[in-house]
1. According to a simple spin-label model (label point 7 Å from Cα along Cα-to-Cβ), what is the distance in nm between Glu35 and Thr125?
2. If contacts are Cα pairs under 8 angstrom and at least 6 residues apart, what is the relative contact order of the chain in percent?
3. Once you place label points 7 Å from the Cα toward the Cβ at Val208 and Asp143, how far apart are they in nm?
4. Counting only the heavy atoms of the protein chains, how much of Met192 is accessible to a 1.4 Å probe, in Å² to the nearest 10?
5. Rounded to the nearest 5, what is the percent of antiparallel bridges among the DSSP beta bridges in the chain?
6. So, by mean Cβ neighbours within 10 angstrom, what's the order for 105-111, 169-175 with the highest one leading?
7. For the chain, what is the calculated [θ] at 222 nm in deg cm²/dmol (nearest 500), taking -39500 (n - 2.57) for each run of four or more DSSP H residues and dividing by its residue count?
8. Using alpha carbons only, how many angstrom separate the centre of the range 155-211 from the centre of the range 41-77?
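The values are calculated or read from the model by the stated rules, or taken from the named source; none is laboratory data. Predicted model, so just to flag it, every value in this text is computed and none were measured. Because the Cβ atoms are built from the backbone with ideal geometry, glycine has one as well, and the counts that use them run over all protein chains shown. With ligands, DNA and RNA removed, areas are computed over all heavy atoms of the protein, side chains included. Shrake-Rupley method; radii C 1.70, N 1.55, O 1.52, S 1.80 Å.
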Amino acid sequence: MLPDGPLTVLCLAAHPDDIEIACGGTLLTLGRDRELDAVSLVLTGTAERRAEAAEATEAFLPGARLEFGGEPGDFADGYLPEQWGRVKRRLHELAAHMAVPHLVFAPRPDDAHQDHRLLGRLAPTVWRNSTIMHYEIPKWDGDLGRPNVYVPLADDIAREKVRALNECYPSQHSRDWWDDELFLGFMRVRGMECKGHYAEAFVVNKLVMVT
């Protein structure tokens, strides 16, 4: 359950665009109605991709602090598991310099991409007193599971998400999977599952209800 007042939010990503594709609509929705103290950590990315991530962070989480794993090349895309210890230390370093977040957005621990999977498994070991919202990213692996938490999205929020994705990540436009139909269609499926129009979905393994 979310407390009243400002929310402290942490977003974790292996790659630029993971956060916005997976939970951009949820972040826009939270920011519309609540004051957010937000931090994003993106572990990998070239200089070009990091610049895109900075633009996207401002679009989806205005005023949020954006951090990276280190200098470009310190963490290689696709090879995070072989740097388990360094990734773990980087997460603890971040946790030591921020308030305990109410919400942590991280990849699913059973994601088919090895980088996502590692980050999803490590997040709960670092932020033990936060609600971990494990997000999903559509991909060719076909690894989408059965979520248990849904965030309904207003139509204008869903379309703003897609518009901002296209504007902030021009380097990805040539990808054969990158198009409005995929992004809107995926949100439409999750919306149908929660008897709405659009939605984003998550897996939460532990939820503490405060009465």
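1. 3.6 nm
2. It rounds to 24 percent for the chain.
3. 2.9 nm
4. For Met192, the solvent-accessible surface is approximately 110 Å².
5. On the way: 7 of 26 bridges.
The antiparallel fraction comes to roughly 25 percent.
6. The packing order, highest mean first, is 105-111, 169-175.
7. Estimated from H runs of four or more residues: -13000 deg cm²/dmol.
8. 20 Å
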